[in-house]
1. Based only on the alpha carbon positions, what is the Kirkwood hydrodynamic radius of region 20-104, in angstrom?
2. Among PRO129, PRO145, PRO184, which one moves the most in a GNM of the chain with springs linking Cα atoms closer than 10 Å?
3. Counting only protein heavy atoms and a 1.4 Å probe, tell me what percentage of region 81-198's accessible area is made up of carbon and sulfur.
4. How much accessible surface area, in Å² rounded to 10, belongs to the heavy atoms of ARG31 with a 1.4 Å probe?
5. With the other protein chains left in place, how much accessible area per residue, in square angstrom, belongs to region 19-89 at a 1.4 angstrom probe?
6. Once the mean 1/r over all distinct Cα pairs of region 145-198 is inverted, what Kirkwood radius in angstroms do you read off?
7. Build a GNM of the chain with springs between Cα atoms under 10 Å: which of ALA181, ALA157, ALA84 gets the top mean-square fluctuation?
8. Treating only the Cβ of Lys, Arg, Asp and Glu as charged (+1, +1, -1, -1), what charge dipole size does region 40-142 show about its Cα centre? Round to the nearest 20 debye.
Amino acid sequence: MDKLIELASTLVSGAFIAVLAAWLTNRSRNRQEQQAEIGALRVQADAMTVAVMELQGAATTNRLLWEGPAERGRTFLLAVLAFAGGAARARVAGSTDVLSGLVGFGRAAELLSRERVASKQTVAAVREPLTRAATAAPLMHSSDPAVVTATEQLLNALSDVENTARLEAALEAFGRAVNAATAPRLSWWARRRAARTA
């Protein structure tokens with residue numbers, strides 16, 4: 001009978017140790033998966049934030065370089081000067097008024113064409129950050145619904161980069177959602193202790 005009691009106690013303690021070991025293993029694996037998910041979320045959120053900032057910078061640069069009234073006036077003045085210079089050069093060379101006017105139009109068109117190419121190159125600089133921002137698919141599948149919602153709002157705000165207030169608000173909401181999702185999780189004991197003191 002003593003052997004039976006000893007065997008039963010060994011089995012019970014072995015079972016308890018096996019259950020405890022399985023629980024600790026699962027808990028450790030869950031914690032590692034959670035840390036990996038948080039790390040991936042931080043990397044994706046940082047990439048999204050950088051892309052949005054680059055997009056804002058490129059849009060601002062484009063607006064300052066090509067879209068302001070001073071720049072449009074400068075382009076118009078240069079086109080007029082190119083026209084006048086080309087026409088005068090053709091007139092000095094002995095061309096008729098019609099031919100000198102055509103030469104002037106050609107010079108103005110050449111200048112405007114170069115300006116247009118430079119403008120398009122500046123706009124093309126927006127493509128890369130916009131593409132990186134649009135590849136936010138992993139953020140759209142986050143386990144945290146607040147991150148998904150904030151990402152959707154940020155992508156919607158990117159459709160109108162000129163509306164800086166809306167974009168800033170969406171970027172701020174995105175940052176808050178990511179910070180909340182990546183904040184360290186309190187243990188059961190710490191949550192209980194905090195609830196008692198509150």
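The values are calculated or read from the model by the stated rules, or taken from the named source; none is laboratory data. All values reported here derive from a predicted model rather than from experimental measurement. Every residue, glycine as well, gets a Cβ built from its backbone with ideal geometry; the counts of neighbours run over all protein chains shown. Heads up: the accessible areas ignore ligands, DNA and RNA and are worked out on the full protein's heavy atoms, side chains in. Shrake-Rupley method; radii C 1.70, N 1.55, O 1.52, S 1.80 Å.
1. About 18.8 Å for region 20-104.
2. PRO184
3. Summing carbon and sulfur atoms, their accessible area is 60 percent of the total for region 81-198.
4. 120 Å²
5. 66 Å²
6. 12.9 Å
7. Ranking ALA181, ALA157, ALA84 by mean-square fluctuation puts ALA84 first.
8. Magnitude of the dipole: close to 180 debye.
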